[in-house]
Amino acid sequence: MTMQFADIIVDISHEKLDKIFQYRIPPELLESVTVGRQVWIPFGKGNRRMTGYVVGIRSQADYPIEKMKNIAGVVAGAVSVESRLIALAWWMKERYGATMNQTLKTVIPVKRQVKQQEKKNVRFLGSKEELTKLLEEARRRHYTAREKLLAAFLEHSELSYDRLQKEQKLTPSVLKPLLAAGKIEVITQTKYRNPLTVRPEVLGKSCELNAAQAAIVEDFTQRWQRGDLRPSLLYGITGSGKTEVYMECMERVLREGKQVIVLIPEIALTYQNMLRFYQRFGNTISILNSRLSAGERYDQMERAKKGEIQIMIGPRSALFTPFPNLGLIVMDEEHEAAYKSETAPRYHARETAVQWALLNHAALLLGSATPSLTAYTRALQGQYHLYRLTERARPESKLARVQVVDLRKELQEGNKSVFSRTLYQLMEEKLQKGEQIILFMNRRGYSNFISCRSCGEAIKCPHCDVSLTYHRNQTLHCHYCGFQMPLPKICPHCASPYLAGFGSGTQKIEETTRKWFPQARVLRMDLDTTTGKHGHEDILAAFHRGEADILIGTQMIVKGHDFPRVTLMGILAADISLYAPDYRSAETTFALLTQAAGRAGRADVAGDVVIQSYQPEHYSIQAAAKQDYEGFYEREMSYRRLLHYPPSCTLLTLLMTCEKEELLTSCSDFVEQWMWGRGERGLQIVGPTEASIYKINDIYRKILYLKHENYAILLQIKEELEAAAAAYLTAGVQFQFDFQG
């Protein structure tokens, strides 16, 4: 019998998750020792027994066998959540071509000693008469700092310690005598407690479901109760009430003592989603997002593991919440590109959620008004269970009227503005009626790039192969590496003073809007205006309260929001995403325009949408204007089948990167020869070629595409290529694999 060896993590709470030890698997344990299993091992001096987790099994040893110890036994009992997470990490390693170390650090929260941020308030404990006496005494004794503090208590009995420090230069010595006399107290709270305040009467309130929604909930519940855990796809038009269906399904699962994960694609969607879910489920909810500190993230994961919360809401990283009894994963807007990781492991949250639900015997509910072609194809093939919502949830709410404006014609007739005549007229009408408007431009900044009118050269980033974006503060920014520089007075190439901006970004749209509509209150929401921890929430909440008439922003403002007073959506340059070097560009454009159009007229007031385009005849724009998903799907899938793109086949993308251009060129030549020499039947090879952006942050990039109907064959090619190109990998070339299908 061939000897087997196990790679084992001894203490997964330790920060260094890459510390793996190897043990022999005795013959009597060969069947019971599997990846993710918790085992007993002898460890350290005296061979004291500890528990560890198996993260890999192999037939070859990395160390001398005679010096290796045997696994002592398998830990009895149910498989722990850590074991399931490790099994998921192993699946991700195999599926996405990453290392075990990379996947482990992705799925397991790393414990870090991070000081918790605290919020302090100072509260006055005495009566108003006592406060007045203390204030008079401070004035008499000329205690200026104490006088300022006591005067502030006349306005509010409880004050922010941070604000007092900032505005009054408050020091502990000012507080000390008041604390000693028992006149004040300092209250300490964690800064990351739930900031949402909800009226008590709405907590726990059930949804009012219409007949279509109720039928879906009942069928989903029955399938879940009888153990049919096939993933479900909820395809519902914008405003059809998908969120209400999610919440009712969650309620059914929570009643059985299970926990729920709700995935949302963007941090910008967090505020409104949190508010709606929190109104229903109260403090059983927690939130994860990229703006939490390491300590805050770890704290939330620990709360989930201990059962202190029952629902976790967040972007794709929330999928790895270690709930001990997970019952349901909800994935809203499943078509969004944000669910795809751009760093190793390049996992897709949808595929990983399918596997994570399987490991937990949990249900998976995907939802979208514009399902990804992959998910919809699987639903048509029966791999997913398909539910449909074809009408808006509110009977009085109708789909908006959509007009497509040809910008070429506008230009020919003398209109050089960013606003077509149709859009301008509708904006005037809506503002006069006191209704709200959203303007969508999928490009931030003031203008796209700065170019010299003499020599024609654009000003580029010195570290990346891209032009710099001009911002209104007279600076140029690289949105890839973060490089910034002041706007030069002369061209760096020919010294000409004739520099001009080309294209329009959100900053320029904001400036033009304020100029043309001076009476309107305008908010802008893009990556530049939401850098603060609660930047998204503040802007969205202000617009929802009616504190602005016009909201201008990038795609973060058109996804999933529900603003009842918005009756006009202006899409200023609909075809920007059509020019992206991506086979999914038409799909992305259709989804974006359809989602944007769905923001208008969600209450009982009719809505209007104006789509401005230089390619108004393109099938994705025409289908979006008609809200015709099925028509778009058939047209787009015909192209995918013809050109052999997912979901009609599996695509493996290999990105090769290196700081040394010559070494990268040599490696790509080797990879090309190796691929063609392999002679795999049915394999299509495209490249290697320079990536669409050849250099980012002084690192050169080349890309290779492989297409095949069989995923297993591509996975085998990937493993063999890594072994064949080992010398280049050692020399400094990095491989990044991405499977799509």
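The values are calculated or read from the model by the stated rules, or taken from the named source; none is laboratory data. From a predicted model like this one, the values you see are computed outputs, not experimental measurements. Don't worry about glycine lacking a Cβ; one is built from the backbone with ideal geometry, like all the others, and counts go over all protein chains shown. Ligands, DNA and RNA are stripped out before the accessible areas are found, and what is left, the full protein with its side chains, is counted by its heavy atoms. Shrake-Rupley method; radii C 1.70, N 1.55, O 1.52, S 1.80 Å.
Has the range 603-612 got any residue that is of a type in the set (D, E, K, R), on the phi < 0 side of the Ramachandran plot and under 28 Å from the mean Cα position of the chain (by Cα)? So that I can check it myself, show each step before the final result.
The first filter runs over the range 603-612 and keeps only residues of a type in the set (D, E, K, R), leaving 604, 608.
Next, only the ones that are on the phi < 0 side of the Ramachandran plot stay: 604, 608.
With the extra rule that they be under 28 Å from the mean Cα position of the chain (by Cα), the set shrinks to none.
No, the conditions are met nowhere in the range 603-612.
If you go through the range 304-316 and keep only what is over 28 Å from E342 (Cα atoms) and either open to solvent by less than 10 Å² (accessible area, probe 1.4 Å) or in contact with a Ser or Thr (Cβ under 8 Å, 6 or more places away or on another chain) (or both), you end up with I309, Q310. Among the residues of the range 329-347, what is the count of those that are surrounded by 23 or more Cβ atoms within 10 Å (Cβ to Cβ) and under 14 Å from the mean Cα position of the chain (by Cα)? Selection size over the range 329-347: 7.
If the condition is being more than 14 Å from A98 (Cβ to Cβ), of a type outside the set (V, I, T) and either touching a residue at least 60 places away in the same chain (Cβ under 8 Å) or open to solvent by less than 40 Å² (accessible area, probe 1.4 Å) (or both), then the range 717-741 contributes L721, A725, Y728, A731, G732, Q740, G741. The single condition from (1) open to solvent by less than 40 Å² (accessible area, probe 1.4 Å); (2) closer than 17 Å to A393 by Cβ; (3) at pLDDT 95 or above; (4) out of contact with any Ser or Thr (no Cβ under 9 Å at 6 or more places or on another chain) that Q272 fails is (3).
Suppose we filter S240, S206 for residues that are surrounded by 15 or more Cβ atoms within 10 Å (Cβ to Cβ) and modelled with pLDDT under 95; which single one remains?
On the way: S206 fails: surrounded by 15 or more Cβ atoms within 10 Å (Cβ to Cβ).
Residue meeting the stated conditions: S240.
Can you pull out the residues in the range 146-164 that are small (G, A, S), surrounded by fewer than 17 Cβ atoms within 10 Å (Cβ to Cβ) and closer than 16 Å to K183 by Cα?
Restricting attention to the range 146-164, the residues satisfying the condition of being small (G, A, S) are 151-152, 157, 160.
Adding the requirement that they be surrounded by fewer than 17 Cβ atoms within 10 Å (Cβ to Cβ) leaves 151, 157, 160.
Those that are small (G, A, S), surrounded by fewer than 17 Cβ atoms within 10 Å (Cβ to Cβ) and closer than 16 Å to K183 by Cα: A151, S157.
Against the definition (part of a loop (DSSP other than H, G, I, E, B) and over 27 Å from R226 (Cα atoms)), how does E342 come out, yes or no? The answer is yes for E342. Cβ-Cβ distances below 8 Å connect the following pairs, each with a first residue in the range 647-663 that is more than 30 Å from A379 (Cα to Cα), a second residue that is open to solvent by less than 40 Å² (accessible area, probe 1.4 Å) and in a helix (DSSP H, G or I), and a separation of six or more residues or different chains: M656/L664; M656/C667; M656/S668; M656/V671; T657/L664; C658/L664; C658/C667. Here T321 clears all of (1) under 28 Å from R226 (Cβ atoms); (2) without any contact (Cβ under 8 Å) to a residue 12 or more places away in the chain except the condition numbered (2).
Taken over the range 507-523, the criterion of being open to solvent by 20 Å² or more (accessible area, probe 1.4 Å) and farther than 16 Å from N473 by Cβ is satisfied by T512, R514, K515, W516, P518, Q519, R521, L523.
Within the range 138-154, residues that are among the acidic types (D, E) have Cβ atoms under 6 Å from residues that are open to solvent by less than 90 Å² (accessible area, probe 1.4 Å) in these pairs: E147/A138, counting only partners at least 6 apart in sequence or on another chain.
Can you name the number of the only condition in (1) closer than 22 Å to R388 by Cβ; (2) of a type outside the set (V, I, T); (3) out of contact with any helix residue (DSSP H, G or I) (no Cβ under 6 Å at 6 or more places or on another chain) that L234 fails? Condition not satisfied by L234: (3). Being outside any strand (DSSP E or B), of a type outside the set (A, V, I, L, M, F, W, C), open to solvent by 30 Å² or more (accessible area, probe 1.4 Å) and in contact with a helix residue (DSSP H, G or I) (Cβ under 9 Å, 6 or more places away or on another chain) is the requirement here; does G682 meet it? Considered against the rule, which asks whether it is outside any strand (DSSP E or B), of a type outside the set (A, V, I, L, M, F, W, C), open to solvent by 30 Å² or more (accessible area, probe 1.4 Å) and in contact with a helix residue (DSSP H, G or I) (Cβ under 9 Å, 6 or more places away or on another chain), G682 comes out as yes.
Taking L134 as the residue in question, decide whether it is of a type in the set (A, V, I, L, M, F, W, C), part of a helix (DSSP H, G or I) and in contact (Cβ under 8 Å) with a residue 40 or more places away in the chain. Yes, satisfied.
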